[in-house]
1. Report, ordered by the first and then the second residue, all pairs with beta carbons closer than 6 Å, sequence separation of six or more or different chains, a first member in region 74-97 that is over 18 Å from His109 (Cβ atoms), and a second member that is away from ligand 2 (no atom under 16 Å from the Cβ) and outside any loop (DSSP other than H, G, I, E, B).
2. Could you please find all residues in region 6-22 being more than 22 Å from Gly62 (Cα to Cα), under 14 Å from the mean Cα position of the chain (by Cα) and not small (Gly, Ala, Ser)?
3. Of all residues in region 76-108, which are more than 14 Å from ligand 1 (Cβ to nearest atom) and buried (at least 16 other Cβ atoms within 10 Å of the Cβ)?
4. May I ask you to verify whether His65 is assigned to a strand (DSSP E or B), away from ligand 2 (no atom under 13 Å from the Cβ), at pLDDT 95 or above and closer than 22 Å to His109 by Cβ?
5. How many residues are open to solvent by less than 50 Å² (accessible area, probe 1.4 Å) and within 11 Å of ligand 1 (Cβ to nearest atom) if we restrict to region 36-61?
6. Name the residues in region 1-35 that are in contact with a Lys or Arg (Cβ under 6 Å, 6 or more places away or on another chain) and exposed (fewer than 13 other Cβ atoms within 10 Å of the Cβ), would you?
Amino acid sequence: MNDCLFCRIVKGEIPAKKVYEDAHTYAFEDINPQAPTHVLVIPKKHIRGLKEAQAEDVDAVGRCHLAAAEIARQRGIEDSYRTVLNVGPGAGQSVFHLHVHLIGGRNLHWPPG
Ligand code: AMP
Ligand code: ZN
């Protein structure tokens, strides 16, 4: 989508610090990190959010989580990290291209705010 920020990052039209890419998945540093590791993992396909994901998107959504796990391993935080998928503005979703937050590198509290 031309007017989607994260689609434009995938296309290289907007700069981002890429940390991972494969045929289906793209990951980059969050511009406003909430922890020493704060990476956004997204499907290259435009999916508005988890609410809008369809059965055909099971592979794309699953791949984002597995990529997050791989990035966590690469950073040596595989025993202590969190993946977060905000759904809807009330839960903090501000970009409407599905993304998995990978957050780690510090103590994480529960429940999240
Ligand atoms: P959410 O609030 O769950 O929709 O997450 C959107 C995330 O995208 C936030 O953590 C923002 O800091 C991040 N973000 C917004 N614009 C950019 C950008 N240009 N590059 C990297 N991260 C961004
Ligand atoms: Zn998009």
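The values are calculated or read from the model by the stated rules, or taken from the named source; none is laboratory data. Since the structure is predicted, the reported quantities are computational estimates derived from the model, not experimental observations. Note that we place each Cβ from the backbone using ideal geometry, even for glycine, and neighbour counts take in every protein chain shown. These area figures cover heavy atoms from the full protein model, side chains too; ligands, DNA and RNA do not enter into them. Shrake-Rupley method; radii C 1.70, N 1.55, O 1.52, S 1.80 Å.
1. Arg75/Thr37; Glu78/Ala72
2. Lys17
3. Ile77, Tyr81, Gly104, Gly105 - these are the residues of region 76-108 that are more than 14 Å from ligand 1 (Cβ to nearest atom) and buried (at least 16 other Cβ atoms within 10 Å of the Cβ).
4. On the way: assigned to a strand (DSSP E or B): no; away from ligand 2 (no atom under 13 Å from the Cβ): yes; at pLDDT 95 or above: yes; closer than 22 Å to His109 by Cβ: yes.
In short, no.
5. Restricting attention to region 36-61, the residues satisfying the condition of being open to solvent by less than 50 Å² (accessible area, probe 1.4 Å) are 37-43, 47, 49, 53, 57, 60-61.
Still in the list and also within 11 Å of ligand 1 (Cβ to nearest atom): 38-40, 42, 49.
Selection size over region 36-61: 5.
6. Step one: list which residues in region 1-35 are in contact with a Lys or Arg (Cβ under 6 Å, 6 or more places away or on another chain), which gives 10, 14, 24-26, 28-29, 35.
Ile14, the sole residue that qualifies.
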